[in-house]
Structures are given as structure tokens and as C-alpha cells.
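**Student:** Attaching a single structure in C-alpha cells format; questions to follow.
The values are calculated or read from the model by the stated rules, or taken from the named source; none is laboratory data. Keep in mind it's a predicted model, so treat the numbers as computed, not measured. When we count neighbours, we look across all protein chains shown, and the Cβ atoms used for this are built from the backbone with ideal geometry, even at glycine.
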Amino acid sequence: AFMPYPTVALAAARHGPLAGLSFAVKDLFDVAGYPTSGGQPMLLAMSGIKTCSSPVVTQLLDAGAQFVGKTITDELAFSINGQNAHFGDPINPHAPDRISGGSSSGSASAVAHGLCDIGIGSDTGGSVRAPANHCGLIGMRTSHGLVSLEHAVAFAPSLDSCGWFASDIDVFVKASEVLLQAPVCQTRLLGPISKPRWMLGSPWWSALTPEVGKAHQAAMQGIGDAIGQVGQVRQVGQALSSFDIDFPAFGATGLDDLVLAFRQIQGFEAWQCDGALIQDYALSLGPGVAERFAWASQVSEADYIKASKLREAFANWMHLQLADNGLLIVPTMPDVAPLRQADSASLDQYRAAAMRMLCVAGLCRLPQINLPLSRRLGAPLGLSLIGPAASDLALLPWAKFLMQAGTRLDHA
């Protein structure tokens, strides 16, 4: 899980809300006394030793948490597989024959192994949500622009968001409450959501195979019962309304249009960030990453502008639907993690299915929390809670509520 750097001691506050807890940091974030590799040897060679830390690191230290190391990231963060051709593939302890998921793979692996309590990562197209699903962790992608990414390697700036993992819901809430405070939290947060409108994200659920849908049934039964009781709804089915995306309302024909817009925005911005480095040094990129950057290099500015217009129309529509109290319950990923032995074609097929689920929160700059509530084939499988933009703090008590509700029944 960890980069093989010499240990540098970082002073943490003796007292604070996170005293007694430990954390690890994805090697996209600067930590004073360490280099930053971004998962790429040339970037590591050019890095030098950093003299200051990313604000999220400082905030955790000031809250009393102990730093235990920097973790492997997928190369230049352009993957959701958790496989790095240069520094190795972090192991998924809850399904060792399956991938850990990337690009925050090392942080997820470290937390899942119990090597630290909190793992800091970033999420552009699913880089926290995918490994959280695969490794059975609580993992959050924060609202875009909410948590500082200063002194962190950029990938696709209009999509990049900070995120973190924990295996325990109470630890997750504590860490979130620390990191969702100024100065790291840079945007005004929504107030508490006392009466949420609970919705099932129909496009996500309809994309599942019957086998995966069945794996979620027990957790959803517990959640439906709990929501019905809180809302004093006699029939559980009335507690959860169906949420469908009205594609014509913002000029799209379906999810494929949104996925393409996402990929074009991500690809164009990624090439702006890394294209010169790749070309000037003729970087040897790992499998999958090389092909994605080759595709990204061909995205034109006209493609980017068109995709960005679709994004804004969709985001505006989505914000109107959620308002300030709409909460979506959706499957995080299309299935459990692929096998480590899966060929590239199978991984690409899984990635394509995953992007249909993951792109919405990214395009709309929304927070999303994975909850490890289901299992299939002996491996973890997550459900997610998506809320309005800047509702990150308000989601925490409801995430805990769903965790407790979804685990009331034995569905392992």
C-alpha cells in the first residue's frame, strides 16, 4: 500500500478530536519532508523534497492524528483499477484475488488492512468511490471545490475533488467533521437536512444485472424499513420515490452522452496538465494509462467546449431536482471488483459500465459517500448516498443512519 520512502516524523497535536487515530496520504498530495511521485517515476525524479504539506495533511495533524506514510496511486491518477506498472498493485485484503480499485488504491488498501484509521485520496472519475466499493470501506468524494487541493498534483481540475476513507463509520464522521471545517473547507456548507426526500436513482439501479441487484436486496430492505419508520410511512414502498433523469431537458439522449461529455472534459484537462510532461520526456506509461492519454491527446478544444456546455445544462437541471434536501440512494459500482487476473478487455468493459454510474456526481460537482453494505461472490459491494452540492456535512448523520439500517439484517 505504501510508497517505499524513508520515514520522516511529522509532529501532531497532543490533543484534538482525532488524537489516537492515524492517517495515510495518497502520493498526489505534498507532505513536508517527502517527494511527490503522482505514481510516475519521472515525476518522482523531478519532485525534490517538499517543504510544506497540503492543507488536508496539516489539518489532520493539528487535530491530533498521526501520519504513517504516503500511499501508492495509479499512474498520474488516470485509472480506477488500482494497478501501477512502476510501483506495484496495492492488495485488497477483503478480496485478495480482486483488484483494489484506483487511483486512491494505496490509501484504500492501507485502511482496509488496518494499517491506518483514515486514508486521504482524491476522486476525479471515481478514484475514491471505486476503491471504497472494492475494499469494503466508507469513502467520500466531496463536493467539487469544497476541500482544498492546494499542494496536490492536478489531474482534471474542474473534476478533481478531495476524498477520504475509513472502515468505521464513527471514525469516518470524526475525520469528516475535521476536514469539513475552515481553512481546508473553502465553501459555505448547506445546513442540516432534517426532512430529506429519499429517492432511488433509477438509471443506476436499472443498469445492474439481476445477480447484483439481488445482492443489494437485504441491505435495501433494512434501509427501506428504517426510512419508512422515520417518515412514519406504513408502506415502505412509499418512503422511497423513483428518480429518473430527464435527458431531453438538458439536450442529451441518454447516459452515453453524459459519459462522453465527462470523458472529453477529463481527457482534455488531463492532457493540459500532463501532456507536455509525457511528450517532453517520452514517458513510458503503463498499460491502460498509455491508451487513455493517447485518446485524451485527441480531444479538441471544440469538443471540450461542447461537453462543458452539456455539463452545465445537466448540472443546473440536477441541482433543481435535488434542491436542498434531495438524497439519492444508488449502487456505487456495477459489480464487485474485477479479478486481478482479468484481461485488459474485461477491465475496459467494467470501466465503461462503471463510468455510467460514476460520471453524474463528477459532472454535477456533488458529494457521494460509499457505504459497504452488501457482498457478492465473497467480495464487498457498496451502496452510495448522493446529496446536493455542499451538503457534505449534512450527509454525515444520514450516512450513519443508512449504515445502521442496512446492517440490521444479516446479508453477508
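**Student:** Do we have Gly114 as within 21 Å of Lys400 (Cα to Cα) and surrounded by fewer than 24 Cβ atoms within 10 Å (Cβ to Cβ) here? Write out each step before concluding.
**Tutor:** Numbers: within 21 Å of Lys400 (Cα to Cα): yes; surrounded by fewer than 24 Cβ atoms within 10 Å (Cβ to Cβ): yes.
The answer is yes for Gly114.
**Student:** I need the full set of residues from segment 1-21 which are crowded, with 19+ Cβ neighbours inside 10 Å and outside any strand (DSSP E or B), in order please.
**Tutor:** Initially, segment 1-21 is screened for residues crowded, with 19+ Cβ neighbours inside 10 Å, giving 1-3, 12, 18, 21.
Hits for segment 1-21 are Ala1, Met3, Ala12, Leu18, Leu21.
**Student:** Has segment 195-205 got any residue that is assigned to a strand (DSSP E or B) and more than 21 Å from Asp324 (Cβ to Cβ)?
**Tutor:** No, segment 195-205 contains no residue that is assigned to a strand (DSSP E or B) and more than 21 Å from Asp324 (Cβ to Cβ).
**Student:** Confirm whether Pro397 is of a type outside the set (A, V, I, L, M, F, W, C) and under 18 Å from Ala108 (Cβ atoms). I'd like the intermediate steps shown before the answer.
**Tutor:** Working: of a type outside the set (A, V, I, L, M, F, W, C): yes; under 18 Å from Ala108 (Cβ atoms): no.
For Pro397, the condition - of a type outside the set (A, V, I, L, M, F, W, C) and under 18 Å from Ala108 (Cβ atoms) - is not met.
**Student:** Taking the condition of being touching a residue at least 60 places away in the same chain (Cβ under 8 Å) and closer than 19 Å to Tyr5 by Cα, how many residues in segment 84-102 meet it?
**Tutor:** Final tally of qualifying residues: 7.
**Student:** Does segment 379-393 hold any residues that are touching a Ser or Thr at 6+ places or on another chain (Cβ under 9 Å) and closer than 19 Å to Asp335 by Cβ, and which are they?
**Tutor:** Matches in segment 379-393: Pro380, Leu381, Gly382, Leu383, Ser384.
**Student:** Moving on. Please go through segment 155-181 and pick out each residue that is more than 16 Å from Leu137 (Cα to Cα) and either part of a loop (DSSP other than H, G, I, E, B) or among the charged types (D, E, K, R) (or both).
**Tutor:** Scanning segment 155-181 gives Phe155, Ala156, Pro157, Ser158, Leu159, Asp160, Glu177, Leu180, Gln181.
**Student:** How about segment 43-58: which of its residues are more than 26 Å from the chain's Cα centre (by Cα) and of a type in the set (A, V, I, L, M)? Break it down stepwise before answering.
**Tutor:** Of the residues in segment 43-58, the ones more than 26 Å from the chain's Cα centre (by Cα) are 45-46, 48-49, 51.
Answer for segment 43-58, where residues must be more than 26 Å from the chain's Cα centre (by Cα) and of a type in the set (A, V, I, L, M): Ala45, Met46, Ile49.
**Student:** Here is a follow-up. Looking at Thr73 and the list (1) more than 30 Å from Arg376 (Cα to Cα); (2) at pLDDT 95 or above; (3) not small (Gly, Ala, Ser), which single condition is not satisfied?
**Tutor:** Just one mismatch for Thr73, condition (1).
**Student:** Further, regarding this structure: Residue under question is Ala156, and the condition is that it be farther than 18 Å from Leu396 by Cβ and at pLDDT 95 or above; does it hold?
**Tutor:** Values: farther than 18 Å from Leu396 by Cβ: yes; at pLDDT 95 or above: yes.
Spelling it out, Ala156 is indeed farther than 18 Å from Leu396 by Cβ and at pLDDT 95 or above.
**Student:** On to the next question. Which pairs have Cβ atoms under 8 Å, sit 6 or more apart or on different chains, and link a residue in segment 11-34 that is under 30 Å from Asp74 (Cβ atoms) to one that is among the polar types (S, T, N, Q) and loosely packed, with under 14 Cβ neighbours inside 10 Å?
**Tutor:** Ala32/Thr51
**Student:** Can I ask one more? Looking at Lys50, is it in contact (Cβ under 8 Å) with a residue 60 or more places away in the chain, crowded, with 24+ Cβ neighbours inside 10 Å and basic (Lys, Arg)?
**Tutor:** Taking the combined requirement at face value, the residue does not satisfy it.
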